[in-house]
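The values are calculated or read from the model by the stated rules, or taken from the named source; none is laboratory data. This structure is a prediction, so every number in the text was calculated from the model and none was measured. Counting neighbours? That spans all protein chains shown, and the Cβs are built from the backbone with ideal geometry, glycine included.
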Amino acid sequence: MTNRIAVLALFLLFAATLATLHAQSSPASDSSSPAVVATTPVAAGAPIVEYAPPPAEYARAKAYSNSHYRHVFIGAFYGFLILLVILRWRVAPAFRNLAERASSSRFVQRIIFAPLILFTIAVLGIPSDIWDESLQRAYGLSVQTWGAWTRDWILGQAIMLIVGTLLVGILYGVIRRSPRRWWFYFWLASIPIVLLMFFLQPIVVDPLFYTFKPLAGAQPVLVSEIQKVVHRGGMEIPADRMFVMNASSKTTGLNAYVTGFGASKRVVVWDNTIAKATVPETLFVFGHEMGHYVLLHIPKEMAIISAILLFLLYLGYRLSNGMLARWGAQWGIRDLQDWASLPVLLFVITLLAFLATPVFNGVSRHFEHEADRYGLEVIHGIVDNPNQVAAHYFQKSGEKNLSDPDPSEFVKIWFFDHPTRPERVHFVATYNPWSSGEEPKYVK
Ligand SMILES: [Zn+2]
């Protein structure tokens, strides 16, 4: 969590919410792979209608979920605390003095100041980062070594420093030129940058952390089944836009996602999913992802989030001026144009983004629900009993992934960017417009 604070909160928002529109997050327990997709009976026992893990699994999932929620809140407050301590101890003014003594060039000052302050924030966040990874390890969700984790942490920080330094330059450029309307110009400038980052993410950033191989090479049978689903949806997703990711090197979870923009847009399936889910289940997962792709969820979500962000930036502008008027002198900050005001801006934007979490989650849950619906519709007629295929997948993956079996409304609003596990199982088990003679919503 604290890691995120450093990457100019604004871009976190975009990155966290948009970089990956996740499908189902969690492993399936059995790995039966029926050879004949359309004729394999799905359920041996009674059909699943509600999410119901066995008692032992239930207790374990509950314990993990409660720890996870605590981590998110404590992590967020720890992040705010770091920024307040930095302000109180006048760390930023010290770095600013150093930068200003070194050169009168704003560019050189930025190259010195921004990495120093961003790296300091990141280092102070390490305890929180280690604590989070420890939880994943304690419950067997993370299987990477601490060495591999450290490598990823360093790599992630290096990217954060480069992008952060660039953004700090743009931010202070617009603040100096337009002290009263910088929030609007920064928002405007952020749009092409976010699009560029989003475009580059799958081709530049993601390969630094995982290996991607064409799905067609690894799973030719699966790809031909997938192409049936693609055609059923009346779509063209070329095989070279489908990839397998070696997620098993780091996690036991099951997942798939769509990412990228324009020419870099693609569907990525985790190798765990292919290994552990049945072929019909994988087709459902793919159908869900295809829904995001076909229904243009990425650009839609981007547009909505951008609009919310403009509002948050305006509030941030008002709030940061208020804070500086009240405490600026005490913190050694001259005004907003001073490099040293960066922790104030980070604090304000991060706080507002944190408070807006329920809104961002609500937007995301809506699109995820529609992707579940699309996934069911698009495999109808290709897979036998799509309702039970999807229900079984959510049941098994929910158990393995320690999904909260019974989240409260408060927990749902704050922590769920997908519908809850019980909601998803219930929906996919019961959504059946065909049986009642209604029109499916997306795939006619
Ligand atoms: Zn999704």
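Which of the residues belonging to segment 407-441 are of a type in the set (Asp, Glu), surrounded by fewer than 16 Cβ atoms within 10 Å (Cβ to Cβ) and modelled with pLDDT under 95?
Glu438, Glu439
Please work out if Ala325 is among the small types (Gly, Ala, Ser), within 16 Å of the ligand (Cβ to nearest atom) and assigned to a helix (DSSP H, G or I).
Considered against the rule, which asks whether it is among the small types (Gly, Ala, Ser), within 16 Å of the ligand (Cβ to nearest atom) and assigned to a helix (DSSP H, G or I), Ala325 comes out as no.
Which condition from (1) in contact (Cβ under 8 Å) with a residue 24 or more places away in the chain; (2) within 16 Å of the ligand (Cβ to nearest atom); (3) out of contact with any Pro (no Cβ under 7 Å at 6 or more places or on another chain) is the one that Pro299 breaks?
(1)
Return a yes/no flag: does segment 340-356 have any residue that is in a helix (DSSP H, G or I), closer than 30 Å to Leu116 by Cα, polar (S, T, N, Q) and out of contact with any Phe, Trp or Tyr (no Cβ under 6 Å at 6 or more places or on another chain).
Checking segment 340-356: at least one residue is in a helix (DSSP H, G or I), closer than 30 Å to Leu116 by Cα, polar (S, T, N, Q) and out of contact with any Phe, Trp or Tyr (no Cβ under 6 Å at 6 or more places or on another chain).
Does Pro202 satisfy the condition of being more than 27 Å from Arg106 (Cα to Cα) and under 26 Å from the mean Cα position of the chain (by Cα)?
For Pro202, the condition - more than 27 Å from Arg106 (Cα to Cα) and under 26 Å from the mean Cα position of the chain (by Cα) - is met.
Only one of (1) over 26 Å from Val443 (Cβ atoms); (2) touching a helix residue (DSSP H, G or I) at 6+ places or on another chain (Cβ under 7 Å) is not met by Ser249, so which one is it?
(2)
Looking at the structure I just gave you, is Gly140 in contact (Cβ under 8 Å) with a residue 40 or more places away in the chain, over 25 Å from Thr259 (Cβ atoms) and not hydroxyl-bearing (Ser, Thr, Tyr)?
When the stated conditions are applied, Gly140 passes them.
Quick one: is Gly147 assigned to a helix (DSSP H, G or I) and either in contact (Cβ under 8 Å) with a residue 12 or more places away in the chain or in contact with a His (Cβ under 6 Å, 6 or more places away or on another chain) (or both)?
no
Considering every residue within segment 101-118, establish whether at least one is of a type outside the set (A, V, I, L, M, F, W, C), over 22 Å from Ala158 (Cβ atoms) and either assigned to a helix (DSSP H, G or I) or touching a Phe, Trp or Tyr at 6+ places or on another chain (Cβ under 7 Å) (or both).
Yes, segment 101-118 has at least one match.
Give the residues of segment 388-422 that are touching a Pro at 6+ places or on another chain (Cβ under 9 Å) and free of Cβ contacts under 8 Å to residues at least 60 places away in the same chain, sorted by residue number.
Lys412, Ile413, Phe416, Thr420
Every residue, every condition in (1) more than 30 Å from Glu133 (Cβ to Cβ); (2) within 16 Å of the ligand (Cβ to nearest atom); (3) small (Gly, Ala, Ser); (4) surrounded by fewer than 23 Cβ atoms within 10 Å (Cβ to Cβ), yes or no:
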{"site": "Ser248", "(1), (2), (3), (4)": "no, no, yes, yes"}
{"site": "Gly262", "(1), (2), (3), (4)": "yes, no, yes, yes"}
{"site": "Met290", "(1), (2), (3), (4)": "yes, yes, no, no"}
{"site": "Ile304", "(1), (2), (3), (4)": "yes, yes, no, yes"}
{"site": "Leu310", "(1), (2), (3), (4)": "yes, no, no, yes"}
{"site": "Tyr317", "(1), (2), (3), (4)": "yes, no, no, yes"}
{"site": "Gln337", "(1), (2), (3), (4)": "yes, no, no, yes"}
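May I ask you to verify whether Val359 is crowded, with 19+ Cβ neighbours inside 10 Å, away from the ligand (no atom under 16 Å from the Cβ) and β-branched (Val, Ile, Thr)?
It is false that Val359 is crowded, with 19+ Cβ neighbours inside 10 Å, away from the ligand (no atom under 16 Å from the Cβ) and β-branched (Val, Ile, Thr).
Filter segment 367-379 for residues that are more than 11 Å from the ligand (Cβ to nearest atom) and of a type outside the set (A, V, I, L, M, F, W, C) and give the result.
Arg373, Glu377
Give Ala263, Ala275 a once-over and let me know the one that is assigned to a helix (DSSP H, G or I), over 23 Å from Ile203 (Cα atoms), touching a residue at least 60 places away in the same chain (Cβ under 8 Å) and in contact with a helix residue (DSSP H, G or I) (Cβ under 9 Å, 6 or more places away or on another chain).
Just a single option satisfies the conditions, and that option is Ala275.
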